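Notes to accompany the following structure.
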Amino acid sequence: MIPIEAELTRIVRANSGRIVSALIKSTRDFDLAEDALQDAIAQALQQWPEKGAPQNAGAWLYVTAKRRAIDLMRKENRHNAETTQQILADLDADQPDNAEWDQDIPDERLRLIFTCCHPALNIDAQVALTLRTLGGLSVREIARAFLASETTIGQRITRAKQKIKAAHIPYEIPAHEDIQVRRTAVLKTIYLIFNESYSALEGQSLTRDDLANEAIRLCTILEQLDPDPETSGLLCLMRLTHARRQARIDDDGEFVPLEKQDRSQWDHQEIEAAHTHLLQAFAHGQFGPFQLQAAISALHCLAESWADTDWQQIHALYGALAAYDPSPVVALNQAVALANMGGTNKALEQLNTLEADLGNYQPFYAARADILSQCGEEKTAQIDYDRAIELSKNQVEKRFLFQKKSALAASLKK
Amino acid sequence: MQFMALIYSAEGAEQSYPGGPEKMMADYYAYTDEAKKAGVMLAGDALHPISTATSIRERDGKASLTDGPFAETKEQLGGYYLLDCKDLDEATKWAGKIPTAKYGTIEVRPVMIWDN
């Protein structure tokens with residue numbers, strides 16, 4: 001890519017969320033806003049190589065896109081005559097043409113993020129639309145990140161925009177009484193984007209850094225525009241998880257379990273910073289599931305080793321988390337913490353009650369095998385290790401479990 | 001903007017309504033009243049049960065009538081409200097207050113307006 005294109009890509013990524021959000025506010029039309037921006041980018045590609053990028057490049061793009069939006073509105077009759085006149089009047093009044101490059105782009109990103117993550121859209125649509133409009137990722141980039149075809153992603157985005165229009169989903173920041181619930185939906189969507197970057201394929205491991213970074217960036221913007229302790233909680237959770245990524249994958253590109261990770265490869269500076277940020281969020285005293293998960297993550301990140309981990313606090317935190325999320329996986333994690341504290345018998349009791357729900361969940365058998373082994377129940381531990389190995393789709397994980405099983409067998413022979 | 005709120009529930013499920021069927025009737029009266037006063041209710045009716053339904057299809061000029069609803073599903077259409085709301089958020093708020101929302105499903109769809 002020639003230098004000016006790289007520069008333009010950077011500028012577009014940094015500004016497109018804001019530009020698109022402002023244009024949608026004025027034109028009330030997602031497609032038109034996007035078309036107008038695409039056109040401005042095309043014009044930039046033509047004009048910038050000669051003269052170089054203008055001083056306030058973001059504003060240049062915005063004003064150029066706005067002009068194009070006005071043209072498109074006049075030509076295309078997307079609304080009835082009265083609405084079109086109103087929109088054109090608003091667009092023209094926005095600011096005089098000659099105050100161009102110094103102005104600020106209006107910031108309507110909060111409207112955009114709440115609309116993209118509206119519960120009336122299905123979750124796949126929310127993710128694709130958020131990444132496209134707020135993230136400024138291309139359809140191709142999104143498709144690659146989700147291992148889907150460009151057609152699939154393109155259709156998802158088109159349908160989402162159609163639903164927004166046809167079902168009259170409003171382009172608004174939710175009313176005060178609704179905002180907590182709606183914000184939670186946004187956080188869940190952002191977290192889904194983040195987790196996508198850590199999904200492991202059968203036998204392989206994949207870190208899609210772009211997605212993780214984008215999720216962190218979106219959450220940072222959300223926190224700035226709409227400060228909230230749970231938003232900060234999610235941001236810290238993601239930063240802490242992301243800080244450990246170098247150790248998650250070994251030299252063969254395989255996933256390494258937390259128990260075995262080389263902690264010297266963790267980004268301790270980032271962990272420190274995220275931890276401080278989390279403590280600031282706690283100071284508000286408005287706790288919630290993301291802050292709790294972040295706290296658990298922080299305790300792992302701050303521990304020198306698996307053995308040195310503060311299992312007592314983690315156990316208490318999982319207990320608190322269960323109040324928000326009474327899922328068997330939370331209960332499993334709480335039992336594991338209890339076992340690591342020395343409460344192996346009680347932990348076993350609790351695990352046995354979860355077998356019905358977690359019958360196909362590899363970590364359940366791996367955890368129970370470990371605890372049985374500690375309790376001296378070697379034969380049943382072997383059975384559970386076998387089940388875990390069978391359920392695991394990951395080579396490194398299988399090897400890790402097999403090693404534990406072998407070590408147990410070796411100790412039996414003594 | 002007009003929205004249809006289509007009320008779906010499993011027949012007999014109203015027995016499980018908190019306070020019983022009589023309370024449900026009272027709640028429906030109260031809801032209708034509130035919706036009318038707020039100016040959002042354009043229309044609304046309960047339908048007779050599925051046992052009274054007849055389905056009609058016309059293919060190749062031939063009409064066929066069958067006894068029963070168009071599809072055998074667990075939840076069936078029991079009534080509707082036609083609401084006049086400014087956007088989907090307002091419509092879903094009102095739809096959520098319909099008593100059957102507590103144990104059934106309310107489907108909200110925008111009504112097509114044809115500009116002549």
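The values are calculated or read from the model by the stated rules, or taken from the named source; none is laboratory data. A quick note: this is a predicted structure, and the numbers were derived from the prediction, not measured. Cβ placement follows ideal geometry from the backbone for every residue including glycine, while neighbour counts extend to all protein chains displayed. Only protein heavy atoms, including side chains, enter the accessible area calculation; ligands, DNA and RNA are left aside. Shrake-Rupley method; radii C 1.70, N 1.55, O 1.52, S 1.80 Å.
General remarks:
- Selection status of A:Thr130, at pLDDT 95 or above and either over 30 Å from A:Pro54 (Cα atoms) or not in a helix (DSSP H, G or I) (or both): no
- Selected residue (criterion: surrounded by the most Cβ atoms within 10 Å (Cβ to Cβ)) from residues of the stretch A:34-58 that are of a type in the set (Gly, Ala, Ser) and in contact (Cβ under 8 Å) with a residue 40 or more places away in the chain: A:Ala57
- Residue ID - farthest from A:Asp107 (Cα to Cα), chosen from residues in the stretch A:164-180 that are within 8 Å of chain B (Cβ to nearest Cβ), open to solvent by 50 Å² or more (accessible area, probe 1.4 Å) and in contact with a helix residue (DSSP H, G or I) (Cβ under 7 Å, 6 or more places away or on another chain): A:His168
- Residues being within 14 Å of another protein chain (Cβ to nearest Cβ), assigned to a loop (DSSP other than H, G, I, E, B) and open to solvent by 60 Å² or more (accessible area, probe 1.4 Å) - total across the stretch B:66-93: 1
- Residue in the stretch B:51-63 that is under 25 Å from A:Phe114 (Cβ atoms) and among the β-branched types (Val, Ile, Thr) present: no
- Of everything in the stretch B:7-21 that is buried (at least 16 other Cβ atoms within 10 Å of the Cβ) and not hydroxyl-bearing (Ser, Thr, Tyr), the residue that is modelled with the highest pLDDT is B:Ile7.
- Residues within the stretch A:227-260 that are open to solvent by less than 20 Å² (accessible area, probe 1.4 Å) and of a type in the set (Asp, Glu), tallied: 0
- Within the stretch A:144-163, if we keep just the residues that are of a type outside the set (Gly, Ala, Ser) and under 19 Å from the mean Cα position of the chain (by Cα), the residue that is surrounded by the fewest Cβ atoms within 10 Å (Cβ to Cβ) turns out to be A:Leu147.
- Of all residues making up the stretch A:198-220, the number that are modelled with pLDDT under 95 and of a type in the set (Val, Ile, Thr): 1
- Single unsatisfied condition, B:Glu34 versus (1) open to solvent by 40 Å² or more (accessible area, probe 1.4 Å); (2) within 14 Å of chain A (Cβ to nearest Cβ); (3) in contact with a Lys or Arg (Cβ under 9 Å, 6 or more places away or on another chain): (2)
- The condition of being small (Gly, Ala, Ser) and within 18 Å of A:Glu259 (Cβ to Cβ) holds for only one of A:Ala322, A:Ala381, that being A:Ala381.
- Identity of the residue in the stretch A:306-319, part of a loop (DSSP other than H, G, I, E, B) and either touching a helix residue (DSSP H, G or I) at 6+ places or on another chain (Cβ under 7 Å) or β-branched (Val, Ile, Thr) (or both), that ends up modelled with the lowest pLDDT: A:Trp306
- Options A:Ala125, A:Ala143; residue that is assigned to a helix (DSSP H, G or I), away from chain B (no Cβ under 14 Å) and without any contact (Cβ under 8 Å) to a residue 12 or more places away in the chain: A:Ala143
- Residue in the stretch A:100-114 that is within 14 Å of chain B (Cβ to nearest Cβ), closer than 23 Å to B:Asp87 by Cβ and modelled with pLDDT of 90 or more present: yes
- No other residue among A:Ala274, A:Ala283 is of a type in the set (A, V, I, L, M) and either surrounded by fewer than 20 Cβ atoms within 10 Å (Cβ to Cβ) or at pLDDT below 95 (or both) apart from A:Ala283.
- Subset of the stretch B:98-116 [within 14 Å of chain A (Cβ to nearest Cβ), outside any strand (DSSP E or B) and either in contact (Cβ under 8 Å) with a residue 12 or more places away in the chain or surrounded by 20 or more Cβ atoms within 10 Å (Cβ to Cβ) (or both)]: B:Val111, B:Ile113
Residues checked against (1) in contact (Cβ under 8 Å) with a residue 24 or more places away in the chain; (2) more than 17 Å from B:Gly96 (Cα to Cα); (3) touching a strand residue (DSSP E or B) at 6+ places or on another chain (Cβ under 8 Å):
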position	(1), (2), (3)
B:Gly20	no, yes, no
B:Tyr31	yes, no, no
B:Ser51	no, yes, no
B:Ala63	no, yes, yes
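- Counting the residues of the stretch A:1-52 that are in contact with a Ser or Thr (Cβ under 6 Å, 6 or more places away or on another chain) and on the phi > 0 side of the Ramachandran plot gives 0.
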